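Data block below; observations after.
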Amino acid sequence: MTLVESIDTARNALEMRGITKIYTVADDVVVALDHVDLTVASDEIVALVGPSGSGKTTLCSIAGGLLSPTDGSVVVAGKEISDYSGRQLTEFRRDSVGFVFQTVNLIPFLTARENLLVVDEIGRRLGRVARDRADQLLEELGLADRAANLPAQLSGGQKQRVAIGRALMNDPSLVLFDEPTSALDSNLGDQVVHLIRNEMKARGTAAIIVTHDDRITHYADRTVHIEDGRIAK
Amino acid sequence: MFLALHEMSRARVRFGMLIGAVGLLVFLILTQQAIEGGLITGFVGALRQQSAPVLVYSVDGQRTLQGSVINPGLEAKIRGVNGVAQAGWIGQSTFTVRVGGATESDAALIGYQHPGLGDPSRLSAGRRPVGPAEAVGSAADFAIGSKVRIVASGPAAPTAPVFTVVGLAKDAQIQVTPTLFVPWAGYEAAVKAANPDATIVLPSVIAVRPVPGVADTELVDRINAASADADALTRAQAASDTPGVAQVQQSFQLIFLLYGLVVPLVTGLFFLIITFQKAAALTLLRAIGARSSALVRSLLIQVVLVVGGGIVIGIALFAPLTLVSLGAITIRFDPGAVLFWSVGLLVLGVASALVAARRVLAIDPLEATTGGGGL
């Protein structure tokens, strides 16, 4: 790696090179990702668009350390994670990335505030600093008055905002959003995506938003199309 | 602790009901354990409390005091066994008595020939008899100063002995009957008053003490080898081999075994069900970086809190019960038994949660991307 490449790697939130993911189901071999290259700059928002089964979620899962590639290199915030063990990946997810999933995003028996604090509880345990950060995030997300509410007492939009807050709790380099508006109506979906953009840009945090929703692409800095496990040129 | 305690605080009814159920089971176990102890003590407490280290029955007596009679010939053989330091008579019969001015009731009399060889080892109150009309009574049934009159009919009635209770011994009943330990002369007088035709009062068993250097079990073997009609037993054997004792213990052990299965089954199934119910939440936690070990630890903390809470409730319910008696049976708070069951149930509870723990360890964080959380 040259000096220029090293500096670029440090600047980029994500660099994926030649990522291949192959599943073997019974005797069938399924190529979910085929030599994918993807770079996301440190404050860039990328919309990842593609039909069902195209490999979007697999790509996101590998970027977030939920899955290891069969082949290729994954560098997140300067850390090469493609060879990480299961335990190292767990720590990586805890410390370096944020997730907002499509459906289940909150722990039902924890309040909104506790759903943010759980990130600290399973991680660094900063105590008061974490509590202050959770309160600040809830304030910024317009949820200060809902901090003591359980998820069942929140609307769909409020739940997504809490999930965004939780994804930002560990001050990640990269946040991965998987269909964040799929369960919301168009008006609420717009609000949430607007919020995502504002929060990411305010923090200089990179994000990948996996979506079917064309409206989201307007909020992204760049749109990447994926089809049959390959990035469309 | 964070996850374990917050989940429990948000599902108080669910966890409270489980803690209550475990508490009731613990209460039942401790109560039945105490009833078993009280029952056995009521049956053979006097044998455990008496001071003779070896008791020799006649084989025909089937190891019961009332059924055994030692004739002079057998007694001579026992006394002649090498290793016998001291031997004395012990007799036992049940009489109709009147305590004070109360109505008639039954009482067992145990007569002993020599102090220190058949009388109670320890007194809980009072002193030992110094004359034939004095007695040590079972503490649950008599009070110091109680007058116990043997009820006799016919010409012997006016001369029937009256015993004054001068000492008390705990756990000293025989056959779940109020029991008096009296000197042999007093016992003989009681037997003759109840049965005026009796010309001679034979002992039920011979109490034996070995010479120094000879173990109780060794002396038992020598006596049994000396006569085919002798059935020598150590004090502990005499108590445990009394007909019915082993059967009672086996019945209770079967009940305890069932409890030992029910408690872990209840807790194990409960935690397995809630692990399935919160599978999506556990998957999410794994996806955002929680270690499997942290989630298992949280599960085990809940198990310990539930079983521990149940044990505390069970003990709290059981303790007041030990202040009363169930008829002639004394329910006693036995710290050893409480500790045994507390530790045992805690271990069984944790072991029962291992199935749920395995499920937690099997969670694939990738399932979070599909909204699953299939375990």
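The values are calculated or read from the model by the stated rules, or taken from the named source; none is laboratory data. Quantities reported herein were computed from a predicted structural model and do not represent experimental measurements. Here the Cβ positions follow ideal geometry from the backbone for every residue, glycine too, while neighbour counts run over all protein chains shown.
Taking only segment B:75-110 into account, find how many residues are polar (S, T, N, Q) and over 30 Å from the mean Cα position of the chain (by Cα). If you could, list the steps in order and put the result at the bottom.
Initially, segment B:75-110 is screened for residues polar (S, T, N, Q), giving B:82, B:86, B:92-94, B:96, B:103, B:105.
Checking the rest, the ones that are also over 30 Å from the mean Cα position of the chain (by Cα) come to B:82, B:86, B:103.
So the answer is 3.
Checking each residue in segment A:56-111 for being more than 13 Å from chain B (Cβ to nearest Cβ), outside any loop (DSSP other than H, G, I, E, B) and in contact with a helix residue (DSSP H, G or I) (Cβ under 8 Å, 6 or more places away or on another chain) picks out A:74, A:75, A:76, A:79.
For segment B:2-21, which positions are of a type in the set (Phe, Trp, Tyr) and either under 30 Å from residue B:109 (Cβ atoms) or modelled with pLDDT of 90 or more (or both)?
Within segment B:2-21, the subset of a type in the set (Phe, Trp, Tyr) is B:2, B:15.
Correct list: B:15 only.
Give the residue, chosen from A:25, A:36, that is touching a residue at least 60 places away in the same chain (Cβ under 8 Å) and over 21 Å from residue A:199 (Cα atoms).
Values: A:25 fails: touching a residue at least 60 places away in the same chain (Cβ under 8 Å).
Being touching a residue at least 60 places away in the same chain (Cβ under 8 Å) and over 21 Å from residue A:199 (Cα atoms) holds for just one of A:25, A:36, which is A:36.
For the subset of segment B:1-21 comprising residues that are within 14 Å of another protein chain (Cβ to nearest Cβ) and more than 15 Å from residue B:303 (Cβ to Cβ), which member is surrounded by the most Cβ atoms within 10 Å (Cβ to Cβ)? Please lay out each step first, then the result.
If we filter segment B:1-21 for residues that are within 14 Å of another protein chain (Cβ to nearest Cβ), which is where we start, we get B:1-15.
If we keep only those that are more than 15 Å from residue B:303 (Cβ to Cβ) too, we end up with B:2, B:6, B:9-10, B:12-13.
Details: B:2: 16, B:6: 19, B:9: 10, B:10: 16, B:12: 10, B:13: 7.
So the residue we want is B:6.
Comparison of A:167, A:207, A:220 shows that the only residue that is surrounded by 20 or more Cβ atoms within 10 Å (Cβ to Cβ), within 14 Å of another protein chain (Cβ to nearest Cβ), within 25 Å of residue A:76 (Cβ to Cβ) and touching a strand residue (DSSP E or B) at 6+ places or on another chain (Cβ under 9 Å) is A:167.
Residue under question is residue B:13, and the condition is that it be more than 23 Å from residue B:236 (Cα to Cα), of a type in the set (A, V, I, L, M) and in contact with a helix residue (DSSP H, G or I) (Cβ under 6 Å, 6 or more places away or on another chain); does it hold? For residue B:13, the condition - more than 23 Å from residue B:236 (Cα to Cα), of a type in the set (A, V, I, L, M) and in contact with a helix residue (DSSP H, G or I) (Cβ under 6 Å, 6 or more places away or on another chain) - is not met. Candidates A:120, A:71: the one that is touching a residue at least 40 places away in the same chain (Cβ under 8 Å) and either surrounded by 16 or more Cβ atoms within 10 Å (Cβ to Cβ) or of a type in the set (Val, Ile, Thr) (or both) is A:120.
Just to be sure before I move on: is residue B:286 closer than 30 Å to residue A:104 by Cα, charged (D, E, K, R) and free of Cβ contacts under 8 Å to residues at least 60 places away in the same chain in the structure I sent?
Against the criterion (closer than 30 Å to residue A:104 by Cα, charged (D, E, K, R) and free of Cβ contacts under 8 Å to residues at least 60 places away in the same chain), residue B:286 does not qualify.
Within segment B:111-124, is even one residue free of Cβ contacts under 8 Å to residues at least 60 places away in the same chain, buried (at least 16 other Cβ atoms within 10 Å of the Cβ) and either more than 26 Å from residue B:329 (Cα to Cα) or in the same structural domain as residue B:173 (by TED's automatic domain parsing) (or both)? There is at least one residue in segment B:111-124 that is free of Cβ contacts under 8 Å to residues at least 60 places away in the same chain, buried (at least 16 other Cβ atoms within 10 Å of the Cβ) and either more than 26 Å from residue B:329 (Cα to Cα) or in the same structural domain as residue B:173 (by TED's automatic domain parsing) (or both). The condition of being closer than 22 Å to residue B:12 by Cα and either away from every other protein chain (no Cβ under 14 Å) or part of a helix (DSSP H, G or I) (or both) holds for only one of B:343, B:347, B:355, B:312, that being B:312. With respect to the stated conditions, residue B:14 is in the same structural domain as residue B:316 (by TED's automatic domain parsing), more than 21 Å from the chain's Cα centre (by Cα) and basic (Lys, Arg). Every test in (1) within 13 Å of residue A:174 (Cβ to Cβ); (2) more than 10 Å from chain B (Cβ to nearest Cβ) is passed by residue A:146 save one, and that test is (1).
The residues listed here are B:180, B:219; of these, the one that is within 29 Å of residue B:155 (Cβ to Cβ) and either of a type in the set (A, V, I, L, M, F, W, C) or at pLDDT 95 or above (or both) is B:180.
In summary, residue A:126 fulfils each of the numbered conditions (1) of a type in the set (A, V, I, L, M); (2) in contact with a helix residue (DSSP H, G or I) (Cβ under 6 Å, 6 or more places away or on another chain); (3) at pLDDT 90 or above with the single exception of condition (3).
With respect to residue B:331, determine if the residue is at pLDDT 90 or above, more than 14 Å from every other protein chain (Cβ to nearest Cβ) and under 22 Å from the mean Cα position of the chain (by Cα).
Numbers: at pLDDT 90 or above: no; more than 14 Å from every other protein chain (Cβ to nearest Cβ): yes; under 22 Å from the mean Cα position of the chain (by Cα): yes.
Spelling it out, it is not the case that residue B:331 is at pLDDT 90 or above, more than 14 Å from every other protein chain (Cβ to nearest Cβ) and under 22 Å from the mean Cα position of the chain (by Cα).
Only one of the listed residues (B:47, B:24, B:55, B:28) is away from every other protein chain (no Cβ under 14 Å), assigned to a helix (DSSP H, G or I), at pLDDT 90 or above and surrounded by 20 or more Cβ atoms within 10 Å (Cβ to Cβ). That residue is B:47.
Just so you know, in segment B:281-309 the residues that are facing another protein chain (nearest Cβ under 7 Å) and small (Gly, Ala, Ser) include one that is surrounded by the fewest Cβ atoms within 10 Å (Cβ to Cβ), and it is B:294. Can you find a residue that is at pLDDT below 95, within 22 Å of residue B:125 (Cα to Cα) and small (Gly, Ala, Ser) anywhere in segment B:157-174? Yes, some residue in segment B:157-174 is at pLDDT below 95, within 22 Å of residue B:125 (Cα to Cα) and small (Gly, Ala, Ser).
Residue-level analysis places residue B:236 outside the set of residues that are crowded, with 20+ Cβ neighbours inside 10 Å and at negative phi.
Yes/no matrix, rows are residues, columns are (1) at pLDDT below 90; (2) under 30 Å from residue A:91 (Cβ atoms); (3) small (Gly, Ala, Ser):
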residue	(1), (2), (3)
B:253	no, no, no
B:260	yes, no, yes
B:283	no, yes, no
B:288	no, yes, no
B:293	no, yes, yes
B:298	no, yes, yes
B:301	no, yes, no
B:308	no, no, yes
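The residues listed here are A:126, A:137; of these, the one that is within 18 Å of the chain's Cα centre (by Cα) and away from every other protein chain (no Cβ under 12 Å) is A:137.
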